[in-house]
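Each value in this text was obtained by applying a stated rule to the coordinates, not by laboratory testing. Since the structure is predicted, the reported quantities are computational estimates derived from the model, not experimental observations. Glycine gets a Cβ as well: all are built from the backbone with ideal geometry, and neighbour counts include every protein chain shown.
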Amino acid sequence: DARGARVVSTWDFGVGANQAAWKVLAAGGSALDAVEAGARWAESDLCNPTVGRCGNPDRDGVLSLDASIMAGDGRCGSVAALTDILHPISVARRVMEKTPHVMLVGEGAQQFAVQQGFERQKLLTPEAEKAWRDWLKTENYAPQINAERRGRPGDKDNHDTIGMLAIDESGQMAGACTTSGMAWKMHGRVGDSPIIGAGLYVDNDVGAATASGVGEEMIRNAASFLVVELMRQGHSPAEACQEAIQRVVRKRPEASRTLQVCFLAMNRSGEIGAYALHRGFVYAICDSKKQDALLDSPSVY
Ligand code: SD4
């Protein structure tokens, strides 16, 4: 049975993504297959302006996608600045499984995807293009604390990057992270999500961590690796996330007041914790007892 299995994801749409992952776990599938299935669900979601095909573009109007996947035994793969491919998470997995490398970017990532049988397709939605044209009127790059969710509870635009962590019935862990990155980013900008150790880190010996928010802060702090290392030193997932957030604040106290950073972690016992800089971060848990739990993260501000 899948009693020991569990999956956790960032943000409210994590509930739907978890259910896609749970189908795999409940059938005795691997954590790796589960997180890929969950991330694919999010990438296909038609109302998410920060992941996959409905993502907002960069400031040149190009939708460029970042994704990473990692297994608890240290295998990992990622793609960055990938364009015109619907499922970056599956390309990341192919990088892990079919190449001697960990990360492919831009044109090379797309070339590899096409060689692997992924279809090239135009992804920018009319809504995202319109949002970009509106943005061009001011060209003001000022990431909102919780992307489109702030102050509009229940709004269908209530979404953000998905980071997903899972443990399967055999105790193997895996994680996935997929995003269109920060809306109106510079062309060529890469965030934390495809960088192993920044947006995602998984170690079967300890646990796993993922992040959402302004990726520059996660990269600066090797944040997901930091959270896992704090758990290795004996901290609970919640304490590890909180300590990592404190590190972000100590490093850039002023910027921390206006940027959102969110960490989510699970240890090898399946215990889960989260912490954010600002209020508004929620995460979804799914296991054999409850399929649709949505919890509020504690925060500094
Ligand atoms: C990035 N961390 O590209 C991602 C975006 C995100 O909430 O998580 N937004 O920086």
Margin query: Springs between alpha-carbon pairs under 10 angstrom, Gaussian network model over the chain: which of GLU254, GLU36, GLU239 fluctuates most?
Written below: GLU254
Check: What ranking do GLU129, GLU217 get, fewest neighbouring Cβ atoms within 10 angstrom at the top?
Finding: GLU129, GLU217
Notebook entry, point to check: Which one of ALA5, GLY117, TYR283 is farthest out on the positive end of the charge dipole of the chain, using unit charges on Cβ (Lys, Arg +1; Asp, Glu -1) and the Cα centre as origin?
Noted result: TYR283
Next item on the list: Place a +1 charge on the Cβ of each Lys and Arg in the range 51-155 and a -1 charge on the Cβ of each Asp and Glu, then give the dipole magnitude about the Cα centre in debye, rounded to the nearest 20.
Entry: 160
Checklist line | Assigned charges on the beta-carbon of Lys, Arg, Asp, Glu; the chain dipole about Cα centre (debye) | finding: 380
Next item on the list: Could you let me know the centre-to-centre spacing of the range 83-110 and the range 8-81, using Cα atoms, in angstrom?
Entry: 14
Notebook entry, point to check: Which of rounded, prolate, oblate describes the range 262-301, given a ≥ b ≥ c as roots of the alpha-carbon gyration tensor eigenvalues and a/c under 1.5 marking rounded, otherwise prolate only if a/b is larger than b/c?
Noted result: oblate
Check: When the helix-only estimate is applied to the chain (DSSP H runs of n ≥ 4, each -39,500 (n - 2.57), divided by the residue count), what is the mean residue ellipticity at 222 nm, nearest 500 deg cm²/dmol?
Finding: -9000 deg cm²/dmol
Check: For SER193, SER64, what ranking results if the residue with the fewest other Cβ atoms within 10 Å of its Cβ goes first?
Finding: SER64, SER193
Check: How long is the gain from GLU127 to SER269 if the chain were fully straight, where each residue apart is worth 0.36 nm and the alpha carbon distance is subtracted?
Finding: 46.9 nm
Check: Which percent, nearest 5, of DSSP beta bridges in the chain are antiparallel?
Finding: 90
